[in-house]
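Enquirer: Mind having a look at this structure? Questions to follow.
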Amino acid sequence: MIHFAYPLMFLLLVLPFFIRRFLPPVKGLHGDALRVPFLEDIAAVSAKSGKILSGANSENNSKNIWLLWVIWILLSIAAARPEWVGEPIRIKDYGRDIMLVMDISTSMREPDFVLNRRRIDRLTAVKLTAENFIKQRGNDRIGLVLFGTRAYLQSPITFDKQSVINTLRTMDAGMAGNSTSIGDALGLALKNIREGGNKDEKIIILLTDGENNDGSLSMAQAINLARNEQVKVYTIGVGSQNSFVDSFFGISINTGGGIDEAGLKQLAEETKGNYFRAEDTQSLQKIYDEIDKLEPSENEDQYIREAKDLFYIPLSLALLLSFAVVLLRRKGI
């Protein structure tokens, strides 16, 4: 159908009437016209002879005026910018903002995970499973915060998943310090996910193998922040219940677990998320698979319409008629 982008431009149609009605008439180049004393006699002679001397010019002027009116109407239509607009097409937009918050303190070097019958450290297992998770994210946007003694934003919320994966591959335990600042990391993630621009569902996946023993934000403060921001937080505790490392003499030593499960559970419950415990590579993969099954948030339906400008049609006609008026005046028609 035809749609006008600027319909108020049709008010230009009455502009000539207002100009004629309210503005004084324009005087000739030589002032007012001269009075001809015998003009009435000429009119009487013309009437008796059956000829009107000024009739041809009056008729021509009348034709020109109508052409000028048509030109003005066409220019007004062009100024209103007519468009052909197609039928509305409904578009559904799916996607979430997901911020991965990962512990890279030195304790993540502990080799208590197994992959293909080979012992690997916690961080290696986390890298592999997180990379697979990111690749399956479809229309979601991903961000990455790494933390130890300090928390660092490694990747803001983005659709460029490959850049997040590349950053993930280069991280190493101990890069951010030896201790664990869960509160600061969560606060940084909340700040950046709030500024991400997506007004719909936002999710934080926080993974750690320790407890909040450093930083400026306590666990209680971090939980309160997450609850106020209405951001769903999934927490993952990494490490076996009885963590062992091999000593120099080949004897296994129990190092004990240091995960603050109570705090992580409370954080998940307060934000309507879930807490998971990953004791091995298989359970860690299952956790990411479980989160992956979450229904993607559906944003408000959006509609688009195909539009084609048509203003050039009345504009072209107006230009052609303008040339015609100029030619007619030159020929005296």
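Enquirer: Pop out the ³J(HN,Hα) list for region 11-18 in order, Karplus 6.51 cos²θ - 1.76 cosθ + 1.60 with θ = phi - 60°, rounded to Hz; leave Gly and Pro as x.
Expert: Residue by residue, region 11-18 yields 5, 5, 4, 8, 4, x, 5, 5 Hz.
Enquirer: What's the magnitude of the charge dipole for region 133-173 around its Cα centre, counting Lys and Arg as +1 and Asp and Glu as -1 at the beta-carbon? Answer in Debye, nearest 20.
Expert: 60 debye
Enquirer: Full extension from residue 262 to residue 6: what is 0.36 nm times the residue separation minus their Cα-Cα distance, to one decimal in nm?
Expert: That works out to 86.0 nm of additional length.
Enquirer: Let me ask something additional. Just how much of residue 202 is accessible, in Å², when a 1.4 Å probe is used and the result is rounded to the nearest 10?
Expert: For residue 202, the solvent-accessible surface is approximately 30 Å².
Enquirer: Starting from the residue with the highest accessible area, list 113, 4 in decreasing order, probe 1.4 Å.
Expert: 4, 113
Enquirer: Something else about it: Where does the charge balance sit around residue 228 when Lys and Arg score +1, Asp and Glu -1, over other residues with C-beta under 14 Å from its C-beta?
Expert: Here the charged neighbours net out to +4.
Enquirer: Just the number, please: carbon plus sulfur as a percent of the accessible area of region 85-174, 1.4 Å probe, no ligands or DNA/RNA counted.
Expert: Here carbon and sulfur together make up 46 percent of the probe-accessible area.
Enquirer: Okay, moving on. What is the sum of charges around residue 85, taking Lys and Arg as +1, Asp and Glu as -1, for the other residues whose C-beta is under 9 Å from the C-beta of residue 85?
Expert: So the environment of residue 85 carries a net charge of -1.
Enquirer: A further question on this structure: Magnitude of the Cβ-charge dipole of region 63-167, K/R +1 and D/E -1, about the Cα centre, nearest 20 debye?
Expert: 220 debye
Enquirer: Sticking with this one: In the full protein assembly as shown, how much of residue 208 is accessible to a 1.4 Å probe, in Å² to the nearest 10?
Expert: 0 Å²
Enquirer: Could you compute the net charge surrounding residue 98? Neighbours are other residues with a C-beta less than 11 Å from the C-beta of residue 98; K and R count +1, D and E count -1.
Expert: Once positives and negatives cancel, what remains is +2.
The values are calculated or read from the model by the stated rules, or taken from the named source; none is laboratory data. The structure displayed is predicted, hence computed values, not measured ones. Counting neighbours? That spans all protein chains shown, and the Cβs are built from the backbone with ideal geometry, glycine included. The area values use the complete protein model at the heavy-atom level, side chains included, leaving out ligands, DNA and RNA. Shrake-Rupley method; radii C 1.70, N 1.55, O 1.52, S 1.80 Å.
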